[in-house]
Amino acid sequence: MGITVHLDLLLVMRKMKLVDLAEKVGITIANLSILKQNKARAIRFSTLEALCRELACQPGDILKYEPEAKTESPGAVDDLPE
Amino acid sequence: MDKANRFSFAGILKTVLDVVFAISILWLALLLLAFLVTMIDPGSGANVFTTSTVYPLWDLVPGHILHAESSDPTVKINIRPLGWILMKSGNRAYLLMIMIGFFSWAGLFSLVILQLRRFLASVEAGNPFCRENASRIRTIGWSIIAAFLIKTANDLSAVIYMRRVISINGRHLFPPSGMIWESLHLEILFIGFVVLAISGIFRLGTRLKEEQELTI
């Protein structure tokens, strides 16, 4: 999974629409939608700062890290004997 | 150079390529017609396929040329002053070899023109770094390399054929090594490799652009 964006949850909690948030943050609805759908490759600190300011939250409230599922493979680094 | 000037230059180049492409198609159509006529009747007088070469005859024949002969009855030879040898061949096998090589080379040339035109159209639209352009430039590079191989094989075959068929004062025409090297046109191969390298740059540029677009 990696880094996931929980923007939709925060929008519901703050009772804010995507359109309004995009206007306040200063980015397009299309870009905000890309971010919300976890399709973005990167986010600028300035954008993250603006989101936290408008949603009155911390970066950790918007971004969460979820470890990717490990595949079983012989010879993987984690499988080496100590 | 501002945006408007850059794109108008691409537009002008695209127009030039359109004209070149149209002329080359017309020229190919006329050549195909002449080729068909010549294949049906090699002695019809519609022999437009000649081989011209300058050979340093003073290396082979001291003094002046006395007589040139052809071992192939369908081949007519004409020796001009300063050592120019003009050969008109009615040999169907030879003509077929020359024409397959020529039309393969011309087909690749047309492919390059088409790809270049589409590339310039994308530049004019303000979107040069896209996956299609990286693919187009790679196609152009490989087409140039293929054209080099075809042209080299064709030219060398023609040289070998001439060597076998033409004799001057009873001695077979012996192409000097320089003639063979001149048939290689290694600069075409070099340009093909350069274009392939540029396609790698465009592939990287496309990746960077996509990452930039998905950076919020």
Do you know which residues across region A:1-40 are facing another protein chain (nearest Cβ under 9 Å) and out of contact with any strand residue (DSSP E or B) (no Cβ under 6 Å at 6 or more places or on another chain)? A:I27, A:N31, A:L32, A:I34, A:K39, A:A40
Would you point out the residue of region A:47-58, among those that are more than 10 Å from chain B (Cβ to nearest Cβ) and part of a helix (DSSP H, G or I), that is most open to solvent (accessible area, probe 1.4 Å)? A:R53
Being β-branched (V, I, T) and either over 21 Å from B:D18 (Cα atoms) or not in a helix (DSSP H, G or I) (or both) is the filter here, so list the residues in region B:118-147 that pass it. B:I145
Based on what the data block shows, is B:W105 within 22 Å of the chain's Cα centre (by Cα) and closer than 24 Å to B:L30 by Cα? yes
Which of (1) more than 28 Å from B:S89 (Cβ to Cβ); (2) open to solvent by 50 Å² or more (accessible area, probe 1.4 Å) is the odd one out, the single condition B:A153 does not satisfy? (1)
Any residue in region B:167-180 that is surrounded by fewer than 18 Cβ atoms within 10 Å (Cβ to Cβ), in contact with a Lys or Arg (Cβ under 7 Å, 6 or more places away or on another chain) and either at pLDDT 85 or above or within 14 Å of another protein chain (Cβ to nearest Cβ) (or both)? no
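The values are calculated or read from the model by the stated rules, or taken from the named source; none is laboratory data. Predicted model only: the values in this text are computed from it and were never measured. Neighbour counts are summed over all protein chains in view; Cβ atoms, including those assigned to glycine, are modelled from backbone coordinates with ideal geometry. To get the accessible areas, we keep the full protein, side chains included, count just its heavy atoms, and leave off ligands, DNA and RNA. Shrake-Rupley method; radii C 1.70, N 1.55, O 1.52, S 1.80 Å.
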